[in-house]
Amino acid sequence: MANWPSQQAAIDDLRRFVNDGPLDRPVKRKQVIGRVDGINTNFMTWDDRIIPTTLLVSVDDAPYAASQVVVDDPILGTFHLIVSAGPPVAPPPLQSTVRAAYYFQYFLDSELSEALMLSAQIITEGDDPTMIASGLKPAALHFGSSFAYGKQAMRWAQRKSAQFLLEEEPLSDDVMNRSNLFQRMSDAYYNKGLKLRDSFYMRDGRRNVPSFNVFKPNTSPTPPFPRR
């Protein structure tokens, strides 16, 4: 196992490690967010960061053609319907149900990059993941997963408090507890990363890890941004 040759190679490995590839998280059939009044053609998927080419939309189980579905913002999951040709030929009628199937991802490359830089700070006292020794890559992947899911926990906590969610999405235990779940995952990955890092240095003949020992950045929650 060699060092990561580039930042992107490290990001790709971390994405595989957390099972967040473009086809890893399917949503088979889920009601979308938006007014269904016979006029509106603009909607939003429940999940963010969708894979645009995978979005399929139906109204009362009648599918729209792929050419009639235009993704406006894959990060927000917004899309609109073109209803000028092909069945159905009108906006979703009043009291109908609009559903979507798609794949989505939890993490942006920029978030995984930031998580790996924080991992490098714990392991190498620098912020370049390509400088992490090959034997410490498993630890780095666990630390990176911890920071990525920690940020996901904050993002979800902010998102679940948004007014449109309270109005549009049924409040289930799964929805309300998702932030806590991500935080527990973050903590578990971090603790495993510590064990892997410390075990490497013990095998390497050192009694202790580098002088900075355990460094866990205390990231304050950031205010919500338009693009989640």
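Quick check on this structure: which one of Arg49, Arg35, Arg16 is out of contact with any Cys (no Cβ under 6 Å at 6 or more places or on another chain) and in the same structural domain as Asp127 (by TED's automatic domain parsing)? If you could, list the steps in order and put the result at the bottom.
Working: Arg49 fails: in the same structural domain as Asp127 (by TED's automatic domain parsing); Arg35 fails: in the same structural domain as Asp127 (by TED's automatic domain parsing).
Just one listed residue meets the conditions, Arg16.
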Check: Does Thr53 satisfy the condition of being touching a Ser or Thr at 6+ places or on another chain (Cβ under 9 Å), farther than 30 Å from Pro138 by Cβ and modelled with pLDDT of 95 or more?
Finding: no
Next item on the list: Report, by residue number, each residue of the range 6-48 that is modelled with pLDDT of 95 or more and on the phi > 0 side of the Ramachandran plot.
Entry: Asn19
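Filter the range 16-52 for residues that are over 30 Å from Leu116 (Cα atoms) and either of a type in the set (A, V, I, L, M, F, W, C) or without any contact (Cβ under 8 Å) to a residue 60 or more places away in the chain (or both) and give the result. Spell out the reasoning first.
To start, the set of residues in the range 16-52 that are over 30 Å from Leu116 (Cα atoms) comprises 28-44.
Answer for the range 16-52, where residues must be over 30 Å from Leu116 (Cα atoms) and either of a type in the set (A, V, I, L, M, F, W, C) or without any contact (Cβ under 8 Å) to a residue 60 or more places away in the chain (or both): Val32, Ile33, Arg35, Val36, Asp37, Gly38, Ile39, Asn40, Thr41, Asn42, Phe43, Met44.
Consider Ala120 carefully, then state whether it is surrounded by 18 or more Cβ atoms within 10 Å (Cβ to Cβ) and farther than 16 Å from Ile39 by Cα.
Details: surrounded by 18 or more Cβ atoms within 10 Å (Cβ to Cβ): yes; farther than 16 Å from Ile39 by Cα: yes.
When the stated conditions are applied, Ala120 passes them.
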Margin query: Given (1) closer than 26 Å to Trp156 by Cβ; (2) in a helix (DSSP H, G or I); (3) not assigned by TED's automatic domain parsing to the domain that holds Ala148, identify the lone condition not met by Ile11.
Written below: (3)
Note to self: Name the single residue that is surrounded by the fewest Cβ atoms within 10 Å (Cβ to Cβ) among those in the range 10-57 being under 17 Å from Leu94 (Cβ atoms) and polar (S, T, N, Q).
What the structure shows: Asn42
Notebook entry, point to check: Within the group Glu169, Glu114, Glu125, which residue is of a type in the set (Asp, Glu), modelled with pLDDT under 95 and either crowded, with 18+ Cβ neighbours inside 10 Å or in contact with a Lys or Arg (Cβ under 9 Å, 6 or more places away or on another chain) (or both)?
Noted result: Glu169
Notebook entry, point to check: Only one of (1) touching a Lys or Arg at 6+ places or on another chain (Cβ under 8 Å); (2) closer than 30 Å to Thr124 by Cα; (3) in a loop (DSSP other than H, G, I, E, B) fails for Pro5. Which number is that?
Noted result: (1)
Notebook entry, point to check: Can Pro63 be described as surrounded by 14 or more Cβ atoms within 10 Å (Cβ to Cβ), free of Cβ contacts under 8 Å to residues at least 24 places away in the same chain, touching a strand residue (DSSP E or B) at 6+ places or on another chain (Cβ under 9 Å) and under 27 Å from Ser145 (Cα atoms)?
Noted result: no
Next item on the list: Of the conditions (1) surrounded by 12 or more Cβ atoms within 10 Å (Cβ to Cβ); (2) within 30 Å of Asp128 (Cβ to Cβ); (3) touching a residue at least 40 places away in the same chain (Cβ under 8 Å), Pro74 clears all except one; give me its number.
Entry: (3)
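The values are calculated or read from the model by the stated rules, or taken from the named source; none is laboratory data. These figures come from a predicted structure and were not determined experimentally. Here Cβ is always computed from backbone atoms with ideal geometry, including for glycine, and neighbour counts include all displayed protein chains.
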